[in-house]
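Report on the structure given below.
The values are calculated or read from the model by the stated rules, or taken from the named source; none is laboratory data. It should be emphasised that the depicted structure is a prediction, and the values quoted were computed from it without experimental measurement. We place every Cβ from the backbone using ideal geometry, glycine too, and count neighbours over all the protein chains shown. With ligands, DNA and RNA removed, areas are computed over all heavy atoms of the protein, side chains included. Shrake-Rupley method; radii C 1.70, N 1.55, O 1.52, S 1.80 Å.
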Amino acid sequence: MTENHPYWIKSERPAREDSVLPFILERNAAETPERIQFEFETGETWTCQETLDKTRSTAALFVEQGVAADDFVLAWLPSGPDMIRSWFALNYIGAVFVPLNVDYRGSILLHAIRESTARTMILHPQLLERLDLLDELPLDKVLCVGDVPNPTQALARHDVPVVSTNLETSLQPLTEPALVNQWDLQMIIFTSGTTGQSKGVMCPYLHMWSTGQSTYGYMVADDVMLIELPMFHVGGVSPVMGGLTNRTRIALFQGFKTDQYWQRIKTTGATCTSGLIGSMAAFLDKAPQREDERNHTLRMLTLMLNQSAINAAKRYGFSYISGFNMTELSGPLISEVDCRVTGSLGKPRTGCECRVVDAHDMECGPNE
């Protein structure tokens, strides 16, 4: 560790039980079974033990449907209990979680399915029609989380069977996770596609642990992390990993809403949020002033460092960090707490090296 790094960044590699999702779930349930692990937008809550129980029973369901270790499985679901159960259960049996953007359709959707090489998809019933409209459908099976009026005909023209299922299964749950390790693939996350077709990034367990810990490692067991970023994006899955790793309560919502932001913090008691990116900070900065706007529980968040973010932090009275990340990079650059340098990307964390280069890949000098 150096003086440039935030206080929570550590250089040593973690043990498997502290960095590999199935074993983290087992650890949390063993240590604090009754502590709330998840709170959802509907008000539903899961304790650490319930999170593990739901993971094990859903894993048994997927095994019955033919999912095996090392399989790539698409999850096309909105953020919420079903998405969390699917993700955790797939990893529990050693399968690879491949979440898709729920706004995908047409050629973009088909591209992602092809690139994933997955043969099984888990989806919400309202998305079935988009699959049926594709020119081709390179899948062997679709597991639909919810009722489908006529599943045998839903994708008949593609000759792909649809199984209508309920994740609240009565099957005998699994009792032990697959023997996955830190270097095994945990998930494939598709990039945002700003420079062309989205690319599927292969993310091992240690990769996702590192992203969550470098970006959200300030969380402790007494914190509540409000997550409003989607589970198909690294910005959504990494705070979940950070929260589980640090034994933090996680409040999961489907999306950011300016007019509900402070009410959600009040309702959940959130002390951290998963980030103000894009125009989110500007919305808060320009919101009408309230007499009680500093009366909240928020203490620290991760954000995109611009003047609106600095203004919002000062106005509402919270601390923050920033940095630079791509889906492929595990948060290599992290700023100090409450950095005031607008646009700063932070400094390299332990284990990372970086260069600033010109158009010819020649390293730039100071201030260049």
task: Give the angle, between 0 and 90 degrees and rounded to the nearest 10, that separates the Cα long axis of helix 234-245 from the longest principal axis of the Cα atoms of the chain.
output: 90 degrees
- request: Give 266/314; 257/286; 10/54; 286/314; 286/347 a once-over and call out the pairs whose C-alpha atoms are over 22 Å from each other.
  value: 10/54; 286/347
task: Counting only C-alpha contacts under 8 Å and six or more residues apart, can you give the relative contact order of the range 163-295 as a whole percent?
output: 20 percent
task: First check a/c for the range 230-273, with a ≥ b ≥ c the square roots of the eigenvalues of its C-alpha gyration tensor; if it is under 1.5, answer rounded, and if not, answer prolate when a/b is larger than b/c or oblate otherwise.
output: oblate
- request: Taking the Cα centre of the chain as origin, sum charge times position over the Cβ atoms of Lys and Arg (+1) and Asp and Glu (-1), and report the length of that vector in debye to the nearest 20.
  value: 660 debye
- request: Quote the accessible area belonging to residue 297 in square angstrom, nearest 10, computed with a 1.4 Å probe and with ligands, DNA and RNA left uncounted.
  value: 70 Å²
- line: Residue-normalised value, i.e. accessible area per residue, for the range 230-279 at 1.4 Å probe, in Å², stands at 32 Å²
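By accessible area of protein heavy atoms, probe 1.4 Å, what ranking do 115, 44, 26 get, highest first?
115, 44, 26
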query: Taking a ≥ b ≥ c as the square roots of the eigenvalues of the Cα gyration tensor of the range 94-241, is the shape rounded (a/c under 1.5), prolate (a/b larger than b/c) or oblate?
result: prolate
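Can you pull the percent of the chain's accessible area that's carbon plus sulfur, 1.4 Å probe, other chains left in place? Each step should come with its number before you reach the end.
Working: 8440 of 16860 Å².
The nonpolar share, carbon plus sulfur, comes to 50 percent.
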statement: Among 148, 55, 352, the residue whose Cα sits farthest towards the positive end of the charge dipole of the chain (+1 at Cβ of Lys and Arg, -1 at Cβ of Asp and Glu, taken about the Cα centre) is 352
message: Leaving ligands and nucleic acids out of the surface, order 158, 233 by accessible area at 1.4 Å, largest first.
response: 233, 158
message: If I stretch the segment between residue 360 and residue 140 completely, what's the gain in nm (0.36 nm per residue apart, minus their alpha carbon distance), one decimal?
response: 74.6 nm
message: Let me check against my output: what whole-number percent is the relative contact order of the chain, with C-alpha pairs under 8 Å and at least 6 apart?
response: 15 percent
- request: Would you please give the FRET efficiency between residue 114 and residue 291, computed as 1/(1 + (r/R0)^6) with r the Cβ-Cβ distance and R0 = 51 Å, to the nearest 0.05?
  value: 0.40
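Where both partners of a DSSP beta bridge lie in the chain, what percent of those bridges are antiparallel, to the nearest 5? Spell out each step's value before the answer.
Values: 13 of 45 bridges.
Among the beta bridges of the chain, antiparallel pairing accounts for roughly 30 percent.
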- prompt: When the helix-only estimate is applied to the chain (DSSP H runs of n ≥ 4, each -39,500 (n - 2.57), divided by the residue count), what is the mean residue ellipticity at 222 nm, nearest 500 deg cm²/dmol?
  reply: -8500 deg cm²/dmol
statement: With all protein chains present and a 1.4 Å probe, the order of 249, 13 from largest accessible area down is 13, 249
task: Taking only protein heavy atoms into account and a 1.4 Å probe, give the accessible area per residue of the range 11-127 in Å².
output: 36 Å²
message: Can you match Rg/Rh (Cα atoms, Kirkwood Rh) to one of these, (i) 1.03; (ii) 1.09; (iii) 0.97, based on a calculation from the structure here?
response: (iii)
task: Could you pull out every residue, at least 5 positions away or on a different chain, whose amide H is within less than 5 Å of the one on residue 186? Hs are placed 1.01 Å off N in the peptide plane, and Pro or chain starts have none.
output: 203, 205
- request: Decide, for the range 66-108, between rounded, prolate and oblate: order the square roots of the alpha carbon gyration tensor eigenvalues as a ≥ b ≥ c, take rounded if a/c falls under 1.5, and otherwise choose prolate if a/b is larger than b/c, else oblate.
  value: oblate
field: Chain lengthening between residue 150 and residue 179 when straightened (0.36 nm per residue, less Cα-Cα)
entry: 6.6 nm
Unit charges on C-beta of K, R, D, E only; dipole of the range 123-280, Debye: 500 debye
- prompt: Top mean-square fluctuation among 21, 137, 252, Gaussian network model of the chain, C-alpha springs under 10 Å?
  reply: 137
- prompt: When the Karplus curve 6.51 cos²θ - 1.76 cosθ + 1.60 is applied with θ = phi - 60°, which whole-Hz ³J(HN,Hα) does each residue of the range 179-184 get, with x for Gly and Pro?
  reply: 7, 7, 10, 4, 8, 6
